[in-house]
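The values are calculated or read from the model by the stated rules, or taken from the named source; none is laboratory data. Everything numeric here is computed off the predicted structure, so don't read it as measured data. Cβ placement follows ideal geometry from the backbone for every residue including glycine, while neighbour counts extend to all protein chains displayed. Heavy atoms of the whole protein, side chains included, go into the accessibility calculation; ligands, DNA and RNA do not. Shrake-Rupley method; radii C 1.70, N 1.55, O 1.52, S 1.80 Å.
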Amino acid sequence: MPAEIAIHFFLTLAVILGACRLVGAAAERIGQPRVVGEMIAGVVLGPSLLGRFAPGLQHELFPAGTSNVVLYTVAQVGLVLYMFVIGLNFDVNHVKERSGTATAVSVAGIVAPLALGALTALPLLGLGGFFGSGVTPAMAMMFLGASIAITAFPMLARIIFEKGLSGTPLGTLALACGAAADAISWCVLAVVLAVHRGNAATAVVAIGGGVLYTIIVLTVGRRGFGVLGRAAEQRRSVSPAMLSTVLITLMGCAWLTDVVGIYAIFGAFILGAAIPSGFLAQRLTDIIEPLTTTLLLPLFFVYSGLNTQIGLVNSAQLWAITLALLVVAIAGKGLACTAAARLCRVPAREALALGSLMNARGLIELILLNIGLQAGIITPTLFTMLVLVAIVTTLMCSPIFEFVYGRNRTADLSALEPGPRV
């Protein structure tokens, strides 16, 4: 049995990588980041397209049960490794220099979506068929608000990387705002789940554990990695023992943050940010990043896409509600973040670019939505509608960014040059 699972997994992996390569290349040809193509490839391979036209083949490639568990597990490893690399290249200096802007945009990117999402949830709750039985108005308002407030943090990081913005003021500011928005959204989700389960301890553990973890890693952990970094720089190499130590710590942190309920990607990101810049951070990036982005990370996007069923939105009324949710999502996130940035005297093009980046939701929202669906907070209908919102807002990101900012990049070359990380 294990041998059969392994054989099937290799076939599945080949199909996934091939599909991501083809769809990713097509996405790049029309001006979208390759990561958007990988997201669409997941939907193509799932029940929405392949499952509709060739259900037998789709079931053969992605059968329910053990094979999907293996795919999910390997995808999570890839996601954790990638977010660790993003943390390694996170420029704390740029956040310190623009802390006021980062705070204002983060607050706007949370308060506005939560308020608009809460107001939108009430009529949906009245119509029926969108939230599970036993879901109170407060729970519905908080869940929908968190769904609209979420940012596709891994996808945001990937887009920033592909646009050459890693370590730049704009890229770092966007990552800081995205991290803060997602952290608060996950805290809101923890509260909703705690109320739904009748267990307040769930929310306390998630929020308190996340804050405590961040403080310890960025203080004690940073000093420990400073010693390791100096040793690596003296030897001008990262030994197998050093790499093993880092990976053991990384997987332990991912496990811990998953256990407390704030999701493994934040544990990995914070750990990466705790490693001081220099030889160790650069060598770890060189070692981990290539294989992670080309082999492991696509599995995360594809696995999430396999759980998406577009066909559930099948009436004019449902499409109208979906459009209304899309408008609310754009106003609550993209426009609110842009307005907050402009109030902080950020130039118009940079503010619009930041708003477009923050408005992308991607498959991190799918993770949140899957949790809500499995917990019985939302129905499959609302799940599908919010998936469509996630896809559209993510597709909007790159064209808007290139239109307002990307084509003028040479004029801002001095502002975009990566600075040293602290």
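Report yes if Ala157 is open to solvent by less than 60 Å² (accessible area, probe 1.4 Å), modelled with pLDDT under 75 and either of a type outside the set (S, T, N, Q) or in a helix (DSSP H, G or I) (or both), otherwise no.
On the way: open to solvent by less than 60 Å² (accessible area, probe 1.4 Å): yes; modelled with pLDDT under 75: yes; either of a type outside the set (S, T, N, Q) or in a helix (DSSP H, G or I) (or both): yes.
Against the criterion (open to solvent by less than 60 Å² (accessible area, probe 1.4 Å), modelled with pLDDT under 75 and either of a type outside the set (S, T, N, Q) or in a helix (DSSP H, G or I) (or both)), Ala157 qualifies.
Ser277 falls short on exactly one of the conditions (1) crowded, with 20+ Cβ neighbours inside 10 Å; (2) at pLDDT below 90, and that condition is (1).
Could you list, in sequence order, the residues of region 220-253 that are in a helix (DSSP H, G or I) and in contact (Cβ under 8 Å) with a residue 40 or more places away in the chain? Across region 220-253, the qualifying residues are Gly221, Arg222, Phe225, Gly226, Leu228, Gly229, Ala232, Glu233, Leu243, Leu250, Met251, Cys253.
Here Leu369, Leu335 are screened, and the one residue that is open to solvent by 10 Å² or more (accessible area, probe 1.4 Å) and either modelled with pLDDT of 85 or more or within 21 Å of Ala138 (Cα to Cα) (or both) is Leu335. Among the residues making up region 120-141, those that are within 25 Å of the chain's Cα centre (by Cα) and within 20 Å of Leu323 (Cα to Cα) are Thr120, Ala121, Phe130, Phe131, Ala140, Met141. Only one of the numbered conditions (1) touching a Gly at 6+ places or on another chain (Cβ under 8 Å); (2) closer than 16 Å to Ala360 by Cβ; (3) at pLDDT below 85 is violated by Ile148, and that is (3). Criterion applied to Ala115, Ala27 was being under 26 Å from Tyr303 (Cα atoms) and either modelled with pLDDT of 85 or more or not in a helix (DSSP H, G or I) (or both), and the one residue passing it is Ala27.
All of (1) open to solvent by 40 Å² or more (accessible area, probe 1.4 Å); (2) of a type in the set (Val, Ile, Thr); (3) more than 16 Å from Ile288 (Cβ to Cβ) hold for Ile262 with one exception: (1). Checking each residue in region 68-85 for being open to solvent by 20 Å² or more (accessible area, probe 1.4 Å) and either of a type in the set (Val, Ile, Thr) or more than 14 Å from the chain's Cα centre (by Cα) (or both) picks out Asn68, Val69, Val70, Tyr72, Thr73, Val74, Val77.
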